[in-house]
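Engineer: Once you've had a glance at the structure underneath, I'll fire off some questions.
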Amino acid sequence: MNIKVAGLIIVFALLYSVYGLTAQEEVKPEMQEGASALDSLSPAELPDSLQYAPKLGSEYARYEGIWRGQWEGTLDAYLVITQISNEKVKAYYAWGTNLIVRNRGGKEVAGVIQNGTLIFPMQNGYSLVFSSEDGIHLSGISYSPRTIKPSRILMSRLSHPSGGDARLP
């Protein structure tokens, strides 16, 4: 074998092994093979001072209270309606973490009620849509222009204005 070719093979092997080690170090632990997806989950949190809307009247009573569920069974979320007036809605939306959503957070959102459906337009074409048939569960869909299939959530009411304290137990 030519000495130049052998030298190039050795240099290539050394560079490849160094690059391979660098690439492996950049892989996050929860993404490595064998790591548990459970390690990426953290719950959503609500501010202590958050108050939900007082009694909304029979037309909107099904949306009163604090709602909690998990998007596609993994991303913990809260929705708290803070005000409804003339079909305009204000709420606080909080989320936890999973393998895709890396930072938990929360923010006030504004939306509308159309045909009994809560619609919250978010940023960059993203939107959250919720409805409740029974006043016990809130079904939601999140639409994103970056995904083909929307995400789903089934939320349960944790507390109700008629039940007293407006904060979580």
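Engineer: Quick check on region 96-110: of everything there that is assigned to a loop (DSSP other than H, G, I, E, B) and among the charged types (D, E, K, R), which residue is nearest to the chain's Cα centre (by Cα)?
Structural biologist: 104
Engineer: A further question on this structure: Would you point out the residue of region 76-92, among those that are within 30 Å of residue 38 (Cα to Cα) and among the aliphatic types (A, V, I, L, M), that is farthest from the chain's Cα centre (by Cα)?
Structural biologist: Once the filter is applied, the top-ranked residue is 81.
Engineer: Still on this structure, I have one more. Suppose we keep only residues that are out of contact with any Pro (no Cβ under 7 Å at 6 or more places or on another chain) and among the acidic types (Asp, Glu) within region 54-90. Which one would you say is nearest to residue 40 (Cα to Cα)?
Structural biologist: 72
Engineer: Does region 75-86 contain at least one residue that is surrounded by 12 or more Cβ atoms within 10 Å (Cβ to Cβ), part of a loop (DSSP other than H, G, I, E, B) and assigned by TED's automatic domain parsing to the domain that holds residue 139?
Structural biologist: No, region 75-86 has no match at all.
Engineer: Regarding region 69-92, can at least one residue be identified that is touching a helix residue (DSSP H, G or I) at 6+ places or on another chain (Cβ under 7 Å), within 19 Å of residue 142 (Cα to Cα) and modelled with pLDDT of 85 or more?
Structural biologist: yes
The rows are residues; the columns are (1) surrounded by fewer than 18 Cβ atoms within 10 Å (Cβ to Cβ); (2) assigned to a strand (DSSP E or B); (3) in the same structural domain as residue 130 (by TED's automatic domain parsing); (4) modelled with pLDDT under 75.
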{"residue": "23", "(1), (2), (3), (4)": "yes, no, no, yes"}
{"residue": "30", "(1), (2), (3), (4)": "yes, no, no, yes"}
{"residue": "49", "(1), (2), (3), (4)": "yes, no, yes, no"}
{"residue": "52", "(1), (2), (3), (4)": "no, no, yes, no"}
{"residue": "55", "(1), (2), (3), (4)": "yes, no, yes, yes"}
{"residue": "59", "(1), (2), (3), (4)": "yes, no, yes, no"}
{"residue": "62", "(1), (2), (3), (4)": "no, no, yes, no"}
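Engineer: When residues of region 102-113 are filtered for being surrounded by fewer than 21 Cβ atoms within 10 Å (Cβ to Cβ) and over 19 Å from residue 47 (Cβ atoms), how many remain?
Structural biologist: Total meeting the criteria: 3.
The rows are residues; the columns are (1) without any contact (Cβ under 8 Å) to a residue 60 or more places away in the chain; (2) of a type in the set (A, V, I, L, M); (3) touching a Lys or Arg at 6+ places or on another chain (Cβ under 6 Å).
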{"position": "77", "(1), (2), (3)": "no, yes, no"}
{"position": "83", "(1), (2), (3)": "yes, no, yes"}
{"position": "87", "(1), (2), (3)": "yes, no, no"}
{"position": "103", "(1), (2), (3)": "yes, no, no"}
{"position": "109", "(1), (2), (3)": "yes, yes, no"}
{"position": "129", "(1), (2), (3)": "yes, yes, no"}
{"position": "138", "(1), (2), (3)": "no, yes, no"}
{"position": "149", "(1), (2), (3)": "yes, no, no"}
{"position": "157", "(1), (2), (3)": "no, no, no"}
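The values are calculated or read from the model by the stated rules, or taken from the named source; none is laboratory data. Values in this document were obtained by computation on a predicted structure and should not be read as measured data. Neighbour counts run over all protein chains shown; Cβ positions are idealised from the backbone, glycine included.
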